[in-house]
1. Can you give me the distance in nm between label points at Ala130 and Asp58, each placed 7 Å from the Cα along the Cα-to-Cβ direction?
2. Which residue, Arg39, Arg221, Arg31, tops the fluctuation ranking in a GNM of the chain built on C-alpha contacts under 10 Å?
3. Around Pro75, under 13 Å between beta carbons, what's the net of Lys plus Arg minus Asp minus Glu among the other residues?
4. Just to be sure I understand, if you calculate mean projected area of the Cα convex hull in nm² for this structure, which of (i) 18.4; (ii) 20.3; (iii) 15.3 do you get?
5. Ordered by residue, what ³J(HN,Hα) values in Hz, to whole numbers, does segment 230-245 give under the Karplus form 6.51 cos²θ - 1.76 cosθ + 1.60, where θ = phi - 60° and Gly and Pro are x?
6. Kindly provide the helix-only [θ] at 222 nm of the chain, computed as the sum of -39,500 (n - 2.57) over DSSP H runs of four or more divided by all residues, to the nearest 500 deg cm²/dmol?
7. Skipping prolines and chain starts, which residues have an amide H placed within reach, meaning under 5 Å, of the one on Leu64, given they are 5 or more residues away or on another chain?
8. For a quick check: with amide H placed at 1.01 Å from N, whose amide H comes under 5 Å from Ile16's, ignoring anything fewer than 5 positions away on the same chain?
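Only the coordinates and a few stated rules stand behind these numbers; no lab work does. Model, not experiment: these values are computed from the prediction. Ideal geometry is used to build each Cβ from the backbone, glycine not excepted, and the neighbour counts take in all protein chains shown.
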Amino acid sequence: MSKGQVLAVDLGGTKITAGVVGSDGRVTGRRTIPTGAQRGPEAILTDLGDVLEALRADAPEARLIGIGSAGVVDPQDGSILSATDAIPGWTGTPLAERISRRLGLPAFALNDVHAHALGEARHGAGADRASMLMVAVGTGVGGGFVEHGRVKTGARAVAGHVGHVPVPEAAGLDCTCGRSGHLEAVGSGPAILAAYKRGGGEATDTREIAARAEAGEELAREVLTTGARAVGRTVGALLNVLDPEIVVLSGGMAAAGELWWSSVHEGVGLEAMDRVADAPVVPATAGAEAALLGAAQYARDRAADTAI
């Protein structure tokens, strides 16, 4: 069963995307709906069940469900151990159990960034590598470490919170976790936009700042390169700790242009020890479907492990 079609889900605070993932890694029947997070878990579970039932009607051979979800997810039972206010009341939701009961199929859930990392490792820039560190830099900063095809969730399921590593560029800046001085406070998209506005600039989003930076505007260059250098410092430090074969960067900031990338590589050089300093640090290639691919692979692996 583990080699057949899988109903896969990428569930975030803003939208839910689902599709059918075949054994060849192709995604078909892709559907996206708003999460409607403020309505609460019951409404989300109902909508998700509706979408999966519609998908199943077109893919009757699917026998597994894989879900990548926002929040810290229990790798054993697929419940939500903790979550931010992006989805109010999401903590404690027995996600995999409820969806399994609704569809009558085994369901397995993991964190959405972990799913993204697994998809990238199996089908993207990390394919055929023994180990891969993925760092996703966008609205927040997350990550995942995949070794021999399995994503590491950690003893408490919180492995990969790359955004909460301290960096000197973030000294004195409040982080979304309630502490200060962490990477997310300086390297994420919202942090770069906030820094630009603190410096007296006006912009609607980080794409605009990146374009101005590439055009030579001093303030835009300063905030963009500072954030990117901090990302690179963190990558360098993690290279020292984990020694992955390759590092893959994804998320909106990874599309910010050559100036951002050159500053990331500068930051890596500031922290990485000589033995790991030449590890490839490259863009993600699995695309928007990476989390679906990862969620499907996770379901296959778990089903194989439990002989379902």
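1. In this crude spin-label approximation the distance works out to 4.2 nm.
2. Arg39
3. Details: positive: Arg150, Lys152, Arg156, Arg302; negative: Asp74, Asp77, Asp301, Asp305.
Computed value for this residue: 0.
4. Working out mean projected area of the Cα convex hull in nm² from the coordinates points to (iii).
5. Along segment 230-245, the couplings run 5, 4, x, 4, 5, 4, x, 5, 6, 4, 5, 7, 9, 6, x, 5 Hz.
6. Helices in the chain give a 222 nm mean residue ellipticity of -12000 deg cm²/dmol.
7. Answer set, sorted by chain and number: Leu7.
8. Counting only residues 5 or more places away or on other chains, the set is Ile33, Thr35.
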